[in-house]
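The values are calculated or read from the model by the stated rules, or taken from the named source; none is laboratory data. Computed from a predicted model, the values in this text were never measured in an experiment. All Cβ positions, glycine included, derive from the backbone under ideal geometry; neighbour counts span all protein chains shown. For the accessible areas, the whole protein counts, side chains as well, though only heavy atoms, and no ligand, DNA or RNA atoms are used. Shrake-Rupley method; radii C 1.70, N 1.55, O 1.52, S 1.80 Å.
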Amino acid sequence: MFSKVYSFGVIGIDGYVVTVETHISGGLPGFEIVGLPDNAVKEAKERVRSAIKNNNISFPASRITVNLAPSDIKKTGAVYDLPVLLGILTAKGDLPAIKSDYAFAAQLSLDGSLRGVPGILPMAIKAMEDGFTHFFVSRDNANEAAIVEELNVIAVDNVSQLLSMLKGEEEIHRHTYAHKESNDEIMDFSDVKGQEEAKRAMEIAAAGGHNILMVGPPGSGKSMLAKRLPSILPPLTRSEAMQTTKLYSISGLIDKDEGLITKRPFRNPHHSVSAAALTGGGHNAKPGEISLANNGVLFLDEFPQFHKDVLEALRAPLEDNVVTISRVSYTRTYPSNIMLVAAMNPCPCGYYGCENHICTCSLTKRQNYMNRISGPMLDRIDLHVRLEDVNWEELTSTEKAESSKDILKRVMAARQLQENRYKGLDFDTNSNIPPKHMSVFCKTTDKAAKVLERVFKSLNLSARSYDKVLKVARTIADLDGEEMINDIHILEAVQYRDMDRRI
């Protein structure tokens, strides 16, 4: 008595097929699950046993062996509860043989009702790619799986209902994907009083996908500006939305009524976050905050307050746009194409260099505070902008500031230029231009080249900082609709290396 049922596992952000093989034989009663199961998979034995008995089905008093193939990959989670149950009932003869193009993934309650599991979207994509026609999941996961329109996703409430479907006693209905619009309040740049230079820097950052650091006293609007950055970023493309949704799916962060993530993520971890929580890791190698901000914004407020190892862990992902988590038992790679937005005070008390406040910090305190951010970390941030206190006239002005909608038009025009310029290449924004392409896409006029030379020598810029200035200048030229980078673009780009000048 042997049966075979198909399910899925997830490695990184990609699914893979798991064949649940069940054999019932004579001998002393026993129930074993093999194929490198973790504790959650092993506990499936008790959930399956209870679900079968609570649906008035006799549990076989025989030796049951369940193999999860491929047997050399660690199986995690409760996703195999339902396939194991179906395998036992099929091998026992209570169910007809299950079609080879049917796949199953769900967690069982003790009464036989089905619960959702993380990672359903990567599983559904793999099911479609491998030719499965029907994917049976819990109702909690149905909308997420139905994002894959080429696959027949079947929403199931409980074991009894599923058995009726498989026996032909109940009609199988395909679940239709229903997109739910978010009711989140849209933050707009028109709410921000003053800070025109910072707004301009935000526009440049959005247009070229650049990282940005804001330095200013408390209450100057750093967090306010950061939270409004997504409102001037281009909408997610279909491929970006799918990639982002897969990351949230395997992290178990998608609500049962939600489906495809269509808004750019905005992650704002507290400065007490650990390096592992930021980059990812743990028992099941879950994505961290960097990957959850993929195709969106990672906002780090109170930048120097983050632990040194946390800030240093950011360096490689900012450079490579991927996070590689290496442990003894596994290696996982997650995408991390993010815009880093960092905010900090100019000193511990927050008022160094302010006209309206007196700084109470000593020189040593200020130096120690700034030294919490390493030079290599600053090198990886394209724009440094200084914010001042908003004055009375700006704060009480009734004139409406420029809206996010108007800024977005210019950003979209600049992004379109970049899309056309880099068509067919493996990058699509100015911030990601690799060194070998710099001379091709960042051509300057003779006057601009001379200005850049003087800046490089006077500020003692590193090679990476030099590249950052050129990339930012390239974006400013795109916002102006110009093909060549001229001296005005270079001079404006240099203004956004404030921290280099201070160092």
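So for each of 234-241, 81-88 I average, over its residues, the number of other beta carbons within 10 Å; can you give me the resulting order with the highest mean first? Let's see the in-between values first.
Values: 234-241: 14.5, 81-88: 27.9.
Order by mean packing, descending: 81-88, 234-241.
Heavy atoms only, 1.4 Å probe, whole protein assembly: order D389, D130 by accessible area, highest first.
Correct descending sequence by accessible area is D130, D389.
Determine by what factor the alpha-carbon radius of gyration of the chain differs from 2.2 N^0.38 Å, reporting the quotient. Don't skip to the answer; put the middle values down first.
Working: Rg = 27.7 Å, N = 503, 2.2 N^0.38 = 23.4 Å.
Dividing the Cα Rg of the chain by 2.2 N^0.38 Å gives 1.18.
Using a probe radius of 1.4 Å on heavy atoms only, what accessible surface per residue do you get for region 262-341? Whole Å² is fine. Spell out each step's value before the answer.
Working: 3270 Å² over 80 residues.
Heavy-atom SASA per residue in region 262-341 reads 41 Å².
If the reach is capped at under 27 angstrom between alpha carbons, list the lysines near K53, excluding any in the same chain fewer than eight residues apart.
Straight-distance partners of K53: K4, K42, K45, K75, K92, K99, K167.
With every protein chain present, what is the per residue accessible area of region 416-458 (1.4 Å probe, Å²)?
Working: 2820 Å² over 43 residues.
Ligands and nucleic acids excluded, the figure is 66 Å² per residue.
Starting from the Kirkwood radius over alpha-carbon pairs of region 254-332, derive D by Stokes-Einstein at 25 °C in a medium of 0.890 mPa s and give it in µm² s⁻¹.
After rounding, the answer is 181 µm²/s.
Say each of V322 and E302 gets a label point 7 Å from the Cα, pointing the same way as Cα to Cβ; how far apart are those two points in nm?
Here the answer is 3.5 nm between the modelled labels.
With a cut-off of at most 13 other beta carbons within 10 Å, and DSSP calling the residue loop, which GluC sites (Glu not before Pro) in region 368-446 qualify? Please list them. Show your work: numbers first, answer last.
On the way: sites: E388, E393, E394, E399, E402, E419; in loops: E388, E399, E402.
Here the GluC sites (Glu not before Pro) that fit, given the DSSP loop and packing criteria, are E399.
For region 316-370, what does the equivalent ellipsoid look like in terms of its semi-axes, each the square root of 5 times an eigenvalue of the Cα gyration tensor, given largest first in whole Å?
Values: eigenvalues 311, 40, 10 Å².
Output for region 316-370: semi-axes of 39, 14, 7 Å.
Taking the Cα-to-Cβ direction at E149 and at T398 and moving 7 Å from each Cα, how far apart do the two end points lie in nm?
5.0
In the chain, if the dipole is taken from +1 on Lys/Arg beta carbons and -1 on Asp/Glu beta carbons about the Cα centre, which of G288, A276, M214 is farthest to the positive end?
In the chain, that residue is A276.
Highest mean first, how do 276-285, 313-322 rank when packing is the count of other Cβ atoms within 10 Å averaged over residues?
Numbers: 276-285: 18.8, 313-322: 17.3.
Descending mean neighbour count gives 276-285, 313-322.
Using Cα atoms only, what is the angle between the long axis of helix 196-208 and the major principal axis of the chain, expressed in degrees (0 to 90) to the nearest 10?
Relative to the chain, helix 196-208 is tipped by roughly 50 degrees.
Using just the helices of the chain, give the 222 nm mean residue ellipticity in deg cm²/dmol: DSSP H runs with n ≥ 4 each add -39,500 (n - 2.57), and the total is spread over all residues, rounded to 500. Walk me through the intermediate numbers first.
On the way: 22 runs with 193 residues, N = 503.
Result for the chain: -10500 deg cm²/dmol, rounded to the nearest 500.
May I ask for the distance between the Cα centers of region 418-437 and region 313-375, given as a whole number of Å?
If we compute the Cα centre of each part, the gap is 26 Å.
For region 252-307, which whole percent of the accessible surface, found with a 1.4 angstrom probe, sits on carbon and sulfur atoms?
Solvent-exposed carbon and sulfur of region 252-307 make up 48 percent of the total.
When the accessible area of region 107-221 is split by element with a 1.4 Å probe, what percent falls to carbon and sulfur? Working shown, then result.
Working: 2040 of 4690 Å².
Whole-percent figure for carbon plus sulfur exposure: 43.
Report the charge-dipole magnitude of region 1-137 in Debye, nearest 20, computed about the Cα centre from +1 at each Lys and Arg Cβ and -1 at each Asp and Glu Cβ.
Details: 13 positive and 13 negative charges, 69 e Å.
Dipole of region 1-137, to the nearest 20 debye: 340 debye.
Computed over the Cα atoms of region 66-115, what is the convex hull's projected area averaged over all directions, in nm²?
On the way: hull surface 16.6 nm².
Mean shadow area of the hull around the Cα atoms is 4.2 nm².
Per residue, how much accessible surface does region 113-154 expose to a 1.4 Å probe? Answer in Å², no decimals.
Details: 1330 Å² over 42 residues.
I get 32 Å² per residue for this part.
Over the C-alpha atoms of region 108-189, what are the Rg and the largest Cα-to-Cα span, Dmax, in Å?
15.2, 58
In Å, what Rg and Dmax follow from the Cα atoms of region 184-336?
Spelled out, the Cα radius of gyration and Dmax of region 184-336 are 16.1, 53 Å.
What residues of region 232-262 lie in the reach of a label at I186, counting those whose backbone N is under 14 Å from a point 7 Å from the Cα along Cα→Cβ?
Answer for region 232-262: 232-236.
Return P(r) of region 383-479 (all Cα-Cα pairs; 5 Å bins starting at 0; whole %; ordered from short to long distances).
All Cα pairs, binned at 5 Å, distribute as 2, 10, 17, 17, 16, 13, 11, 8, 5, 1, 0 percent.
So between A97 and L459, what do we pick up on full extension, going 0.36 nm a residue minus the alpha carbon distance? Intermediate values should be presented prior to the final figure.
Details: separation 362, 0.36 × 362 = 130.32 nm, distance 7.39 nm.
Stretched fully, the A97-L459 segment lengthens by 122.9 nm.
If I model a spin label at T360 and T176 as a point 7 Å from the Cα along the Cα→Cβ vector, what separation in nanometres do I get?
Rounded to a tenth, the inter-label distance reads 6.5 nm.
Given a 1.4 angstrom probe, I'd like the percentage of the accessible area of region 434-489 that is carbon and sulfur, rounded to a whole number. Don't skip to the answer; put the middle values down first.
On the way: 1580 of 2960 Å².
Whole-percent figure for carbon plus sulfur exposure: 54.
So, with +1 on the Cβ of K and R and -1 on the Cβ of D and E, and no other charges, what is the size of the charge dipole of region 359-459 about its Cα centre, to the nearest 20 debye? Numbers along the way, then the final one.
Values: 18 positive and 14 negative charges, 101 e Å.
Here region 359-459 has a charge dipole of around 480 debye.
Just how many % of Cα pairs in region 37-171 lie over 21 Å apart, if you round to the nearest whole percent?
Working: 3509 of 9045 pairs.
Looking at region 37-171, the distances longer than 21 Å represent 39 percent of pairs.
About its Cα centre, what dipole magnitude does region 293-391 give when the only charges are +1 on Lys and Arg Cβ and -1 on Asp and Glu Cβ, stated in debye to the nearest 20?
Details: 9 positive and 11 negative charges, 78 e Å.
Dipole size: approximately 380 debye.
In degrees between 0 and 90, to the nearest 10, how far off the longest principal axis of the chain does helix 404-421 point, with axes built from Cα atoms?
Compared with the principal axis, the helix lies near 80 degrees.
Number of Lys pairs in region 241-388 with C-alpha atoms less than 29 angstrom apart, excluding same-chain neighbours closer than eight positions?
Details: K246/K256; K246/K263; K246/K286; K256/K286; K263/K286; K286/K308; K308/K365.
Lysine pairs meeting both conditions in region 241-388 amount to 7.
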